[in-house]
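What follows is a short report on a single structure.
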Amino acid sequence: MALDSSDSATSNPGAAVTAPIAKRVPTQREHHGDVFIDEYEWLRDKDNPEVIEYLKAENAYTDAQTAHLAPLREKIFAEVKARTQETDLSLPSRKGEFWYYSRTFEGKQYAVSCRCPIAGPDDWTPPELEVGVEIPGEQVLLDLNELAEGHDYFSLGAHSVNHAGDLLAFSTDFEGDERYTLRFKNLGTGEILPDEIPGTAGGATWSVDGTHVFYVTVDESWRPDSVWRHRLGTGKDDDVKVYFEADQRFGVGVGSTRSKKFLVIGVDSKLTSEMLILESDNPAGEFRVLLPRREGVSYAAEHAIIGGQDKALILHNDVVDGVKSENFLLAIAPWDDPENQTILIPHRKEVRLEDVDAFSDKLVLSYRREALPRVAVWPLTSEGGFGELTEVDFGLTLSASGLSVNSEWETPTLRMGVQSFITPAQVFDYVPGTGELILRKEQKVLGHYDPAEYEQRREWAVAQDGTRVPISIVQRKDVPAGPKPLLLYGYGSYESSIDAYLSVARLSLLDRGMVFAVAHVRGGGEMGRLWYDNGKMLTKKNTFTDFVSCARHLIDSGLTAPDRLIADGGSAGGLLMGAVANLAPELFKGILTNVPFVDPLTSMLDASLPLTAAEWEEWGNPLDDKEVYAYMKSYSPYENVEAKDYPAILAMTGLNDTRVLYVEPAKWVSALRATKTGDAQLLLKTDMTSGHGGPSGRYEQWKEIAFEWAWVLDTVGLGEVEPAGAEAAAAS
């Protein structure tokens, strides 16, 4: 049996009154002279019926422990639903002879992708689509509800229309394991073509003539390692592998330039990159390296045509004049001589260059300054020069702005977006030259929502080593004085930045008096590449101690208190949650974590596991390096569980997750339950049909967030509190 206790929870929720105790099966692990006895490694075998029995018992126990929250969950779900325009249309974006957009319908889980014809070559004003009004010439490309019918899980991978606009490549995943089956649709006849390619990584790239499609497959450890060429109308067995990456640190991807002239294979590790190119009108040709990889140098090249010449715009972090360009610089070179570079924008310590997009007569730069993403437009002159670089000002503070969908090479306007923690997402068409911003669509928040009732601000905590760490805070203006319930979110890995956005679901917390904050800890990218470098490998503990410093700052400032503070993070942010649970459990009333990476050392020691070898440049390689092994063991949440009081913990995971296997939170919770002291609630909830992204379908996702929010509110004593503005919302 998987459970030691005879009165433990069973698969019957009504009988789940006692926490399930997983049996102990000692497994010895030895590396670098260190011996670790892992008592719960047996939970890794999901083909073992005892493992499934244990996970179901945990689910039953969680159901029983949270049964009293069912009315609150229903309220929160109803609030999210009431604030959402369920029957809606996205803003159309132009590609070729059509405007492309998606529809959602009340009562349906998934979107419907559609298109309608442009009025003519000079038609750059998107049609104003209205719910319930027939759209002339509308064509349904894919109804995802029909594709998902009969499946517990559904995810759309590729959705790529060829340049002529008559063929659609699309791929589907019904397991949540991120392996997709690629198929093709004739958009003229509606026929699904016989070509079918299982086991792809999700995307698809057309050659310019529409005769070939390029796609990626993954190896046994889920690393995207191969690029294939498929000729439409032939069998999968005839597909040609055009590129294979042998180095396990690297993953591959394939795409094309906006100019349509070149196909591009990107090969990237955490530290090093390389690009291969091929003329798109010669899909059966051989890809060639643009710039050869050099260890520790990351670069990305964008094709531009300037003064009638093919140019490469190259973002890179190489050494220039003896100085490493950590925050990247922008150089220009002839496309066929990319080593012959001239620097356009030098490296700057205060600005992290993130991307450059080329259009026929302008460039767009995306960058980060003062922990906020920004965007600027750079006109190209007819003589082959550059005009004045202009940063686009959206008039918002503590906001996130950037380029949106812009498929066309020649376009008089640029689609851009902006939002903040309290400002609904807005999409504009920007007019270069005049600087005019034409609002095309704004996120609808139904019911009683007034941004003036909320406030957002930036504060700074001081880390253990004196580093200033930014914290973003949003709350209602009318919350009472004194310490408040607060949800503190953190991630802190892969140079990923947590930028401002308005969440409809989050309003259910804010309107009940809860404050939401983001700790922008090291390991993320908010403050540039060095911010990332100082929160990875042998400096990873900065991520954890930064979060603790942010929590202490919020407590010391009087904004919250330990009995009112919840920590939240998922995936790599789940590692953060597990680490702070061990470091400073006394600071938190509860910890919420999704698909948490809480057994990192075990995973990084097994190169056969998904993504492990590719992750060594993020965490270090404990197989070969004794120092890395010891360092990771010193912070691994699972291996540092102690007999002490922990906060209440809710861990969420998916059985089919291929990124962070379900076994990590299962082992962690098992160890906590067997070791910790005190009576704080400890819950594990496993979705038995989903993967890393949780359940599919918007209503199922809303139910999931309602489950989490109800637990959060109950943990800090707000379970019975009615949301502010509830009467006004009901009246509306």
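Computed quantities for the displayed model
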| quantity | calculated |
| --- | --- |
| All positions within segment 450-489 that are among the polar types (S, T, N, Q) and under 24 Å from Q419 (Cα atoms) | Q456, S472, Q475 |
| Strands (runs of 3 or more DSSP E) enclosed by segment 158-253 - at least 1 residues per element that are basic (K, R) | 180-186, 224-231, 240-244 |
| K484 touching a residue at least 40 places away in the same chain (Cβ under 8 Å), in the same structural domain as F597 (by TED's automatic domain parsing), crowded, with 24+ Cβ neighbours inside 10 Å and out of contact with any helix residue (DSSP H, G or I) (no Cβ under 6 Å at 6 or more places or on another chain) | no |
| Residue check, A82 over 30 Å from V721 (Cα atoms) and either aliphatic (A, V, I, L, M) or surrounded by 16 or more Cβ atoms within 10 Å (Cβ to Cβ) (or both) | no |
| Which listed residue is surrounded by fewer than 17 Cβ atoms within 10 Å (Cβ to Cβ) and in contact with an Asp or Glu (Cβ under 9 Å, 6 or more places away or on another chain), from T234, T217, T272, T257 | T234 |
| Per-region count, segment 98-152, residues buried (at least 16 other Cβ atoms within 10 Å of the Cβ), touching a helix residue (DSSP H, G or I) at 6+ places or on another chain (Cβ under 9 Å) and assigned to a loop (DSSP other than H, G, I, E, B) | 4 |
| Segment 38-51, residues that are of a type in the set (A, V, I, L, M, F, W, C) and free of Cβ contacts under 8 Å to residues at least 40 places away in the same chain | W42 |
| Of the criteria (1) touching a helix residue (DSSP H, G or I) at 6+ places or on another chain (Cβ under 7 Å); (2) touching a residue at least 60 places away in the same chain (Cβ under 8 Å); (3) surrounded by fewer than 24 Cβ atoms within 10 Å (Cβ to Cβ), which one T545 fails | (1) |
| Single residue of segment 288-308 satisfying the filter (more than 19 Å from A358 (Cβ to Cβ) and surrounded by fewer than 18 Cβ atoms within 10 Å (Cβ to Cβ)) that is farthest from the chain's Cα centre (by Cα) | R288 |
| Unique match (being among the charged types (D, E, K, R) and not in a loop (DSSP other than H, G, I, E, B)) among E302, E295, E286, E326 | E302 |
| Residues of segment 676-719 classified as of a type in the set (A, V, I, L, M) and assigned to a helix (DSSP H, G or I), total | 5 |
| Scope segment 596-619; condition over 19 Å from the mean Cα position of the chain (by Cα), assigned to a loop (DSSP other than H, G, I, E, B) and modelled with pLDDT under 95; matching residues | D606, A607, S608, L609 |
| Odd one out for R352 among (1) touching a strand residue (DSSP E or B) at 6+ places or on another chain (Cβ under 7 Å); (2) surrounded by fewer than 20 Cβ atoms within 10 Å (Cβ to Cβ) | (2) |
| Segment 520-540 residues that are over 10 Å from S497 (Cα atoms) and in contact (Cβ under 8 Å) with a residue 60 or more places away in the chain, paired with ones that are part of a loop (DSSP other than H, G, I, E, B) and not β-branched (V, I, T) (beta carbon under 6 Å, 6 or more apart) | R529/E326; R529/N327; L530/E326; K536/G523; M537/G620 |
| Some residue of segment 75-94 being at pLDDT 95 or above and of a type in the set (S, T, Y) | yes |
| Any hit, segment 309-316, residues being in a strand (DSSP E or B), crowded, with 17+ Cβ neighbours inside 10 Å and of a type outside the set (A, V, I, L, M) | yes |
| L538 being outside any helix (DSSP H, G or I), over 22 Å from the mean Cα position of the chain (by Cα) and surrounded by fewer than 23 Cβ atoms within 10 Å (Cβ to Cβ) | no |
| Pairs where the first residue, in segment 64-90, is within 28 Å of L129 (Cβ to Cβ) and the second is buried (at least 16 other Cβ atoms within 10 Å of the Cβ) and of a type in the set (K, R), C-beta under 6 Å, 6+ apart | F77/K703; L89/R103 |
| Among the residues listed as D546, D568, the single one being in the same structural domain as T677 (by TED's automatic domain parsing), within 30 Å of S269 (Cα to Cα), assigned to a helix (DSSP H, G or I) and of a type in the set (D, E) | D546 |
| Exclusive hit being assigned to a strand (DSSP E or B), surrounded by fewer than 18 Cβ atoms within 10 Å (Cβ to Cβ) and either small (G, A, S) or out of contact with any helix residue (DSSP H, G or I) (no Cβ under 9 Å at 6 or more places or on another chain) (or both), set A376, A400 | A376 |
| Qualifying residues in segment 513-526 (those that are touching a helix residue (DSSP H, G or I) at 6+ places or on another chain (Cβ under 6 Å) and part of a loop (DSSP other than H, G, I, E, B)) - the one surrounded by the fewest Cβ atoms within 10 Å (Cβ to Cβ) | G525 |
| Search result, residues across segment 329-359 that are in contact with a Ser or Thr (Cβ under 8 Å, 6 or more places away or on another chain), in a loop (DSSP other than H, G, I, E, B) and in contact (Cβ under 8 Å) with a residue 60 or more places away in the chain | F359 |
| Residues of segment 657-675 that turn out to be buried (at least 20 other Cβ atoms within 10 Å of the Cβ), of a type outside the set (D, E) and not in a helix (DSSP H, G or I), as a count | 3 |
| Boolean, L583 is crowded, with 24+ Cβ neighbours inside 10 Å, of a type in the set (A, V, I, L, M, F, W, C) and more than 15 Å from V669 (Cα to Cα) | no |
| Residue pairs meeting the criteria (Cβ under 7 Å; at least 6 apart or on separate chains; first of a type in the set (G, A, S), in segment 672-687; second surrounded by fewer than 18 Cβ atoms within 10 Å (Cβ to Cβ) and not in a loop (DSSP other than H, G, I, E, B)) | G678/D645; A680/D645 |
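To keep it simple, each residue is scored yes or no on (1) crowded, with 18+ Cβ neighbours inside 10 Å; (2) acidic (D, E); (3) outside the structural domain of A500 (by TED's automatic domain parsing).
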{"site": "V431", "(1), (2), (3)": "no, no, yes"}
{"site": "L446", "(1), (2), (3)": "no, no, yes"}
{"site": "D450", "(1), (2), (3)": "no, yes, yes"}
{"site": "W460", "(1), (2), (3)": "no, no, no"}
{"site": "A463", "(1), (2), (3)": "yes, no, no"}
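The values are calculated or read from the model by the stated rules, or taken from the named source; none is laboratory data. The structure displayed is predicted, hence computed values, not measured ones. Because the Cβ atoms are built from the backbone with ideal geometry, glycine has one as well, and the counts that use them run over all protein chains shown.
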